[in-house]
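Enquirer: Please read through the structure below; I'll follow up with questions.
The values are calculated or read from the model by the stated rules, or taken from the named source; none is laboratory data. Remember, it's a predicted structure, so these values are computed and weren't measured experimentally. As a convention, Cβ positions derive from the backbone with ideal geometry for all residues, glycine included, and neighbour counts pool all protein chains shown. Note: accessible area is taken over every heavy atom of the protein model, side chains too, but ligands, DNA and RNA are not part of it. Shrake-Rupley method; radii C 1.70, N 1.55, O 1.52, S 1.80 Å.
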Amino acid sequence: MAYTGEVLRRAKLRLEQAKSDREAENAQHLRQAYAQVPRLAEIDRELRLTMVRAAQTVFQEGLDVQAEFQRIRQENQSLQQERQWLIEDNFEEGYLDDSPICPHCGGSGYVGSMMCECLRELCRQEQRKELTVLTGAAQETFSSFRLEYYPERFDPNLGASPREIMALTFATCRKYAQSFSLKSGNLLLNGNPGLGKTFLSACIARSVSDSGYSVVYETAARLFGLLEKARFTGDAEAQSQAARFTACELLIIDDLGSELVTPFVQSALYGVINDRMLAGLPTIVSSNLQSEEFSQRYGPAVASRLLGSFRQVTFVGQDIRLIKNRGQ
């Protein structure tokens, strides 16, 4: 699982700061302990000297090396025992615990070439912050989705009630999120405005992110704006942001069709979708457009990919925003 460069950078900075804070705290505690119990400072100096004497023993001629090592070892153990007693008598448990911030990686963030769980958790937290900024106040969860907003009366045009269809839509989105992998494929969330597409796409984003995958969630307007800025201005920040669209493990493009369509937008959309398909990376697109409108706005090549390589998930019913405004 790979996080975007910006998320990883912020997570590493937090880990470095936490490591530095722990080391500073340990040093402060040790200084205070030396001031309170001067004998501790003497013991620590003597312990360092025993290590030096042990190293020098190897080079001393005419000395029973094994016996000298044994004597130094016993002296060292005696000092350590006295040190432990002084700590137990004068300080609360853990006060002079100088263990690193992470017992597995020591605060480096990696165990060998593998990312340590401590750094991975910080990456998850940073990604959650990023998603919260883009999707809202972290209120979009599957448990808060309400089917009662959708009519339960049979609709002959749909062949079922809107509630029945939306129950299937909800189940599809939740299963996709809970079982997500790089083989999960693409989704096209399609339907009129105000039916929950943005809400459920945000739910998917949060759930997949919490599973440890890198997720980028952008509105179509912002995505194309960043791509255009990166392409024509050479802005480093925009280029870094744009690189996430092809590098992340799940890209969610919300509200496709709300942007102003230009030749650049048509080309950029094709490029993003096609690059991700070639890389085998899943993409979710939500849109208010009808199937035939994709070709009209973005051209046959984009429409072919959206309608042929994305699983269409239908949203039906009445505009939930209007229902809430009416107090229903």
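Enquirer: Out of all the residues in the stretch 185-202, is one or more at pLDDT 95 or above and of a type in the set (Ser, Thr, Tyr)?
Expert: No, because not a single residue in the stretch 185-202 is at pLDDT 95 or above and of a type in the set (Ser, Thr, Tyr).
Enquirer: Return the pairs, sorted by first residue and then second, in which the second residue is aromatic (Phe, Trp, Tyr), the first residue lies in the stretch 261-278 and is touching a residue at least 24 places away in the same chain (Cβ under 8 Å), the beta carbons are less than 6 Å apart, and the residues are 6+ apart or on different chains.
Expert: Pairs found: VAL265/PHE224; GLN266/TYR298; ALA268/PHE224; LEU269/TYR298; VAL272/PHE245.
Enquirer: Write out, first by first residue and then by second, each pair whose Cβ atoms fall under 6 Å of each other, whose residues are 6+ apart or on separate chains, and whose first residue, in the stretch 100-112, is on the phi > 0 side of the Ramachandran plot while the second is open to solvent by 30 Å² or more (accessible area, probe 1.4 Å) and not basic (Lys, Arg).
Expert: So the pair list comes out as GLY106/PRO100; GLY107/PRO100; GLY107/ILE101.
Enquirer: Taking the stretch 276-300 on its own, how many of its residues are out of contact with any Lys or Arg (no Cβ under 9 Å at 6 or more places or on another chain) and exposed (fewer than 14 other Cβ atoms within 10 Å of the Cβ)?
Expert: Residues flagged as out of contact with any Lys or Arg (no Cβ under 9 Å at 6 or more places or on another chain) and exposed (fewer than 14 other Cβ atoms within 10 Å of the Cβ) within the stretch 276-300 amount to 8.
Enquirer: Follow-up. Of the residues ASP64, ASP44, only one is charged (D, E, K, R) and open to solvent by 80 Å² or more (accessible area, probe 1.4 Å); which?
Expert: Criteria check complete, one pass: ASP64.
Enquirer: When the residues of the stretch 155-201 are narrowed to those that are part of a loop (DSSP other than H, G, I, E, B) and among the hydroxyl-bearing types (Ser, Thr, Tyr), which ends up nearest to the chain's Cα centre (by Cα)?
Expert: Across the stretch 155-201, the extreme among qualifying residues is SER181.
Enquirer: From the set of residues in the stretch 252-266 that are assigned to a loop (DSSP other than H, G, I, E, B) and on the phi < 0 side of the Ramachandran plot, which is surrounded by the fewest Cβ atoms within 10 Å (Cβ to Cβ)?
Expert: Selected residue: LEU260.
Enquirer: Further question on the same structure: Here are LEU122, LEU134: which of them is modelled with pLDDT under 80 and outside any loop (DSSP other than H, G, I, E, B)?
Expert: LEU134
Enquirer: Within the set of pairs 6+ apart or on separate chains, which have a first residue in the stretch 24-44 that is at pLDDT 90 or above and among the hydrophobic types (A, V, I, L, M, F, W, C), a second that is open to solvent by 40 Å² or more (accessible area, probe 1.4 Å) and not in a helix (DSSP H, G or I), and C-beta atoms under 8 Å apart?
Expert: Correct list of pairs: LEU30/ASP98; ALA33/TYR95.
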